[in-house]
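Here is the structure we will look at, set down as structure tokens.
Read-outs throughout are calculated quantities, based only on the coordinates presented, and are distinct from any laboratory measurement. Computed from a predicted structure; not experimentally measured. Glycine also receives a Cβ, built like all others from the backbone with ideal geometry; neighbour counts cover every protein chain displayed.
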Amino acid sequence: MIIPMAEPPVSIRDMHHDDLTMVSDIERRSYEFPWSHGVFRDCLLAGYQCLALIREDRVAGYAILSVAAGEAHILNLCVDPGFRARGYGERLLDELLYRARSAIVREIFLEVRPTNETALKLYRKKGFHQIAARPAYYQADEGREDAAVLAKKLVVES
Ligand SMILES: CC(C)(COP(=O)(O)OP(=O)(O)OC[C@H]1O[C@@H](n2cnc3c(N)ncnc32)[C@H](O)[C@@H]1OP(=O)(O)O)[C@@H](O)C(=O)NCCC(=O)NCCS
């Protein structure tokens, strides 16, 4: 009988500048049109909520949220391809939602490629729904691709 190995525990903390090499490496392996190292550095400098999911002392996923005027925007959410389908993306998203509520955010938005069925399934599972489309929002192999704009209203404790 084969006994499956237990998964090591993971934790989520704020992203540091020292994480950016690992973050950029995951980004390059995850997206056809990845963000550069400099974009992540700018997110940290801008004071966005930048999270890192840590597994065995290494970054295994990350998420970035901007918050302004009672609204929040998920700018990136990504899990290392080698560690997907273990619940990490959902944990990162739950932490973003928790942080948004803590910042008294009433509605949270994101853009996603309509062809990204995995991400769409995750966002719908967490209560997001499509409210609009942004034409020609993303770079694509040929020309541009539309974005689906998703939103979720948050109940803020008063
Ligand atoms: C989208 C992404 C973050 C999901 O992370 P993950 O850790 O693999 O997802 P989880 O294991 O937490 O799964 C959570 C939910 O996502 C959906 N999901 C995850 N993997 C899926 C797959 N292969 N097919 C369909 N749905 C999937 C399911 O709804 C799942 O919930 P369930 O297991 O109860 O059905 C990950 O696929 C990723 O990093 N993709 C590349 C970057 C990206 O596209 N980010 C989104 C940009 S908007």
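For the reader, a short list of remarks on this structure follows.
- Scoring 78-90, 34-46 by mean Cβ neighbours within 10 Å over their residues and listing the highest first yields 78-90, 34-46.
- In summary, the aspartates and glutamates within cross-link reach of LYS152, defined as a Cα separation below 16 angstrom excluding same-chain residues under 8 places away, comprise GLU71, GLU90, ASP94, GLU95, GLU107, GLU111.
- If you sort the three axes of the alpha carbon gyration tensor as a ≥ b ≥ c, you get a/c of 1.5 or more for the stretch 73-158 and a/b no higher than b/c, which makes it oblate.
- Alpha carbon convex hull of the stretch 1-155, volume per residue in cubic angstrom: 136
- Potential extension, ALA68-ALA132 segment - 0.36 nm per residue separation minus Cα distance: 21.0 nm
- 222 nm mean residue ellipticity, helices alone, for the chain (DSSP H n ≥ 4; -39,500 (n - 2.57); rounded to 500): -8500 deg cm²/dmol
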